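Report on one structure; see the data block that follows.
The values are calculated or read from the model by the stated rules, or taken from the named source; none is laboratory data. None of these values were measured; they are calculated from a predicted model. Please note: Cβ atoms are built from the backbone with ideal geometry, for glycine as well, and neighbour counts cover all protein chains shown. Surface areas here come from the heavy atoms of the whole protein model, side chains and all, with no ligands, DNA or RNA. Shrake-Rupley method; radii C 1.70, N 1.55, O 1.52, S 1.80 Å.
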Amino acid sequence: MTSSLFASTENEPLAARMRPKTLEDFAGQEHLIAPGKILRSIIDSDRIPSMIFWGPPGVGKTTLASIIAGKTHAHFINFSAVTSGIKEIREVMKQAEANRNFGGRTIVFVDEIHRFNKAQQDAFLPFVEKGSIILIGATTENPSFEVNSALLSRCKVFVLKALGSGDIVKLLKRALSVLNVSAGDDILSAVANFSNGDARSALSLLEMMAVNSDGTITPEILAQCTSRKSLLYDKNGEEHYNLISALHKSMRNSDPDAAVYWLARMLEAGEDPLYIARRVVRFASEDVGLADPNALTMAVSAYHACHFLGMPECSVHLTQAVVHMSVAPKSNALYTAYNAARDDAVNTLAEPVPLHIRNAPTRLMRELEYGKGYQYAHDFDEKITAMTCLPESLEGREYYKPTEQGAEGRYKNRLENIRKWKAEHRSKI
């Protein structure tokens, strides 16, 4: 028995009409429902445990519950955390207990379980513990924070990912025949990108465009329905890489105006702000580095702000980070240092670690002279020693070559003094 949530009614939104009935028609989540994967096996064998579906909106949490409802031999009850309270929970538990007494199983699906308070969640706990019900919860929030630890410990958590553009385009192509309209691949790709991994949002937008079309959805209709003029942007295509390249090179060339323009082009076209934030984090070390040590902190803070807020609110945080990177002094010394060290590392993989800087936690290691001759820098007034730390074949290599840009000039002066001191003291050994 299933609830009215999954019943077919007239005049349903397109997203409801397109809801898959089988796992074969389900879009995305291959890591969970591909043949041989754990959730697929659980559903196919009808051995459903208590579990939580955690993921962003429109990725299939409710749809998976619908499919389970159609396949299971258990009594299936839909329960909304928005409209239900303790009284309703007790009534459902009473039904489940009665069903259990007759040898039946009861699956209770709780949509938006994070909206239940502690007392409401606690009301489920004893019935989950003794097996009166199998609980399936759906949430967009981290269950570690929003679901009681006692209840969470009795549930298997499945993480659902935002749908890829390709998965959403497949859904949209199927929906075109339902709506009896046509649309080019560029339109469908734009809708998929705009939806940001949310199938329900994509289908709702497609339905709105179909209503406003004469049978063919055009770029003009897309712009009207989204209030955006430039959405024909493939996040996996050449233009995607052209724009991120333009942003990166504008920041590198200390051009904040161009950098903010390219940032806006990407965000207004539906680019994932976290993707841009990750690129800015990389830039902070690759192109700024120790010329401005605060650049990395700024970039990471912008990434977290994007994660907390999302679009459109996080656009100002990305702007702050992009402008900071653009006007910051530039140095690629860290980037070139790693590349030079990497080349040597690849060619000397068999080079042993010098004995004097090996750890010696056992007597055998000490007998083999691990750690012999090690000099603990904090025991010396200068807090440095003349001890070498590179393999013998690489002794004298200098990978990090600081510039005099910004704060890196201070690092350069100190490093020069350190290297000079070590050279002088090694000559006395």
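Of the conditions (1) closer than 20 Å to Ile77 by Cα; (2) open to solvent by 50 Å² or more (accessible area, probe 1.4 Å), Ala123 satisfies every one except a single condition; which number is it?
So the condition that Ala123 fails would be (2).
For the range 284-314, enumerate the residues that are open to solvent by less than 40 Å² (accessible area, probe 1.4 Å) and touching a residue at least 40 places away in the same chain (Cβ under 8 Å).
From the range 284-314, those open to solvent by less than 40 Å² (accessible area, probe 1.4 Å) are 284, 286-289, 291-292, 295, 299, 302, 305-306, 310, 314; that's our starting set.
Within the range 284-314, Ala284, Glu286, Asp287, Val288, Gly289, Ala291, Asp292, Cys314 meet the criteria.
Please go through the range 400-420 and give me each residue that is touching a residue at least 24 places away in the same chain (Cβ under 8 Å) and either touching a Lys or Arg at 6+ places or on another chain (Cβ under 8 Å) or open to solvent by less than 50 Å² (accessible area, probe 1.4 Å) (or both), ordered by number.
Of everything in the range 400-420, those that are touching a residue at least 24 places away in the same chain (Cβ under 8 Å) and either touching a Lys or Arg at 6+ places or on another chain (Cβ under 8 Å) or open to solvent by less than 50 Å² (accessible area, probe 1.4 Å) (or both) turn out to be Tyr400, Pro402, Thr403, Gln405, Gly406, Ala407, Glu408, Ile418.
Looking at (1) part of a strand (DSSP E or B); (2) in contact with a helix residue (DSSP H, G or I) (Cβ under 7 Å, 6 or more places away or on another chain); (3) hydrophobic (A, V, I, L, M, F, W, C), which one does Val110 not meet, given that it meets all the others?
The one condition Val110 does not meet is (2).
Which residues, counting only those in the range 168-179, are at pLDDT 85 or above and not aliphatic (A, V, I, L, M)?
Of everything in the range 168-179, those that are at pLDDT 85 or above and not aliphatic (A, V, I, L, M) turn out to be Lys170, Lys173, Arg174.
When the range 193-228 is examined, which residues are found to be over 17 Å from Val181 (Cβ atoms) and acidic (Asp, Glu)?
Hit for the range 193-228 is Asp198, nothing else.
For the range 308-357, which positions are among the aromatic types (Phe, Trp, Tyr) and under 30 Å from Ser393 (Cα atoms)?
Matches in the range 308-357: Tyr335, Tyr338.
Here are Arg366, Arg342: which of them is open to solvent by 40 Å² or more (accessible area, probe 1.4 Å), over 30 Å from Arg410 (Cα atoms) and either assigned to a helix (DSSP H, G or I) or at pLDDT 95 or above (or both)?
Arg366
Go over the candidates Leu205, Leu151, Leu176 one by one and state the one that is surrounded by 22 or more Cβ atoms within 10 Å (Cβ to Cβ) and among the hydrophobic types (A, V, I, L, M, F, W, C).
Numbers: Leu205 fails: surrounded by 22 or more Cβ atoms within 10 Å (Cβ to Cβ); Leu176 fails: surrounded by 22 or more Cβ atoms within 10 Å (Cβ to Cβ).
Unique residue meeting the criteria: Leu151.
In this structure, does Gly164 turn out to be at pLDDT below 85 and surrounded by fewer than 16 Cβ atoms within 10 Å (Cβ to Cβ)? Before you say what the answer is, go through the steps one by one.
On the way: at pLDDT below 85: yes; surrounded by fewer than 16 Cβ atoms within 10 Å (Cβ to Cβ): no.
No.
Under 7 Å by Cβ, and 6 or more places apart or on different chains, what pairs join a residue from the range 107-125 that is on the phi > 0 side of the Ramachandran plot with one that is modelled with pLDDT of 80 or more?
From the range 107-125, the pairs are Glu112/Ala138; Glu112/Thr139.
Identify, by number, the condition in (1) of a type outside the set (A, V, I, L, M, F, W, C); (2) more than 32 Å from the chain's Cα centre (by Cα); (3) part of a loop (DSSP other than H, G, I, E, B) that Pro57 doesn't meet.
With (1) of a type outside the set (A, V, I, L, M, F, W, C); (2) more than 32 Å from the chain's Cα centre (by Cα); (3) part of a loop (DSSP other than H, G, I, E, B) applied to Pro57, the lone miss is (2).
Taking the conditions exactly as written (open to solvent by 60 Å² or more (accessible area, probe 1.4 Å) and more than 24 Å from Glu24 (Cα to Cα)), does Asn117 satisfy them or not? Before the answer, list the steps.
On the way: open to solvent by 60 Å² or more (accessible area, probe 1.4 Å): yes; more than 24 Å from Glu24 (Cα to Cα): yes.
The answer is yes for Asn117.
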